[in-house]
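Asks: The structure follows.
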Amino acid sequence: MTPRAIPNILTVCRLLSAPLVVWLIAEQRMTTAFWLFVAAALTDAADGLLAQHLNARSEIGSILDPLADKALLVGVYVALGLQGHLPSWLVILVVFRDLLIIGGVIVYQLAIGKPRMAPLLVSKINTLAEILLIVAMLANLGFGVGDTVFVNIMTAIVGVTVLASGGAYIAVWWRAATLPASGSQ
């Protein structure tokens, strides 16, 4: 194993942790789910930093990283939503946004060609907000600590950033799809 492989290994570990975290939540093992989710979330930051530091960005990493994020976050949101810990409107927004992004990439590739996938700043903010809400919720459920005011604020922030991120991706794709046809620039 070369050091350049470490970011992708971390990403695969995050991807593989998703079903385990969801299972732990389903089994009401919230403390263990908290620690595994935190570890998985830390790999999200670590793999990107290491890929940049080691000059180890790869095509497979650019596909696996968002896939791992979506598998982990959507799985946890659905699991917590089904148990009534998160409002269903929020779970629906999170799932729909990710389906919109996946569907958008597929349609873009079929209609225009391979998209240059660079996450938008608002999408990164959204991902961070989604992670912080889950950490707060699992800390509350697993340890009995946490502030419902903070959870409520994070719920609102996640809702707003989900809408902003989804809208931003639609705008980027719309512009890319219409710009060549209009002949400008």
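The values are calculated or read from the model by the stated rules, or taken from the named source; none is laboratory data. A quick note: this is a predicted structure, and the numbers were derived from the prediction, not measured. Cβ: placed from backbone, ideal geometry, glycine included. Neighbour counts: every protein chain shown.
Asks: Need a quick list: helices (runs of 4 or more DSSP H) entirely within the range 71-185 having at least 2 residues that are loosely packed, with under 11 Cβ neighbours inside 10 Å.
Replies: Per the criteria, 88-111, 148-182.
Asks: Could you list, in sequence order, all residues of the range 20-41 that are closer than 13 Å to Ile134 by Cα and not aromatic (Phe, Trp, Tyr)?
Replies: Val21, Val22, Ile25, Met30, Thr31, Ala33, Leu36, Val38, Ala39, Ala40, Ala41
Asks: Inside the range 145-155, can you point out the residues that are over 18 Å from Ser123 (Cβ atoms) and within 22 Å of the chain's Cα centre (by Cα)?
Replies: Hits for the range 145-155 are Phe150, Val151, Asn152, Ile153, Thr155.
Asks: Right, another one. Only one of Leu24, Leu10, Leu16 is out of contact with any strand residue (DSSP E or B) (no Cβ under 8 Å at 6 or more places or on another chain), assigned to a helix (DSSP H, G or I), modelled with pLDDT of 85 or more and within 18 Å of His85 (Cα to Cα). Can you tell me which? Before the answer, list the steps.
Replies: On the way: Leu10 fails: within 18 Å of His85 (Cα to Cα); Leu16 fails: within 18 Å of His85 (Cα to Cα).
Going through Leu24, Leu10, Leu16 in turn, just one is out of contact with any strand residue (DSSP E or B) (no Cβ under 8 Å at 6 or more places or on another chain), assigned to a helix (DSSP H, G or I), modelled with pLDDT of 85 or more and within 18 Å of His85 (Cα to Cα): Leu24.
Asks: I've got another one for you. For the range 33-44, check the following and say yes or no: at least one residue is assigned to a helix (DSSP H, G or I), out of contact with any Gly (no Cβ under 8 Å at 6 or more places or on another chain) and modelled with pLDDT under 90.
Replies: Yes, that holds for at least one residue.
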